[in-house]
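Encoded as C-alpha cells, the structure appears first; notes follow it.
The values are calculated or read from the model by the stated rules, or taken from the named source; none is laboratory data. Only a predicted model underlies this, so the values are computations on that prediction, with no experimental measurement involved. Using ideal geometry, Cβ is built from the backbone for each residue, glycine included, and neighbour counts are taken over all protein chains shown. The area values use the complete protein model at the heavy-atom level, side chains included, leaving out ligands, DNA and RNA. Shrake-Rupley method; radii C 1.70, N 1.55, O 1.52, S 1.80 Å.
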Amino acid sequence: MVQLRVMTDDRGRGEDVLAVLLPLLQACTALQASEPTRLSHRGGGLRVVLDVQLAGAPAVRIEREDGPAAGRTRTGRGGAPARRQRRPALPPGG
C-alpha cells in the first residue's frame, strides 16, 4: 500500500495544499486515491493520510480465519514442544 501524508504544524497551509492536491488526484486517471483520513495533532496543525494505488490494480482483501491451527503447539525437530533458550544477561555498562 502506498500512502500520501500531508503533515504540517500550520493548519491553514495544509488545508491550502489539500485544496490543490485532492482535485489533482481525483482528476488523474492513472491513480486511485481513498478518501482522506484526518489524524489528530496536539498542536493544532494538520495530519492527513490518503491511500493511493494505480488505477486498474486489483484490490486485495485478506481475512483471518481462526481454525484448529491457531491453538496448535509448535514442536522442535525431536517432536518435543519447542522451548525458548535463555541467553545470559549482558554485563552492566556493556
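Some notes on this structure:
- Applying a threshold of 8 Å to beta carbon distances and a minimum spacing of six or more residues, or different chains, the list of pairs starting in the range 1-26 at a residue that is within 20 Å of His41 (Cα to Cα) and ending at one that is open to solvent by 80 Å² or more (accessible area, probe 1.4 Å) and not basic (Lys, Arg) reads Gly14/Met7.
- Pick from the range 24-40, criterion over 18 Å from the mean Cα position of the chain (by Cα) and open to solvent by less than 70 Å² (accessible area, probe 1.4 Å), ranking: farthest from Val2 (Cα to Cα): Cys28
- Test: Asp51 is of a type in the set (Asp, Glu) and not in a helix (DSSP H, G or I): yes
- The listed residue being modelled with pLDDT under 90, within 19 Å of the chain's Cα centre (by Cα) and open to solvent by less than 90 Å² (accessible area, probe 1.4 Å), out of Ala57, Ala82, Ala70: Ala57
- Odd one out for Val52, checked against (1) touching a residue at least 24 places away in the same chain (Cβ under 8 Å); (2) open to solvent by less than 60 Å² (accessible area, probe 1.4 Å); (3) over 20 Å from the mean Cα position of the chain (by Cα): (3)
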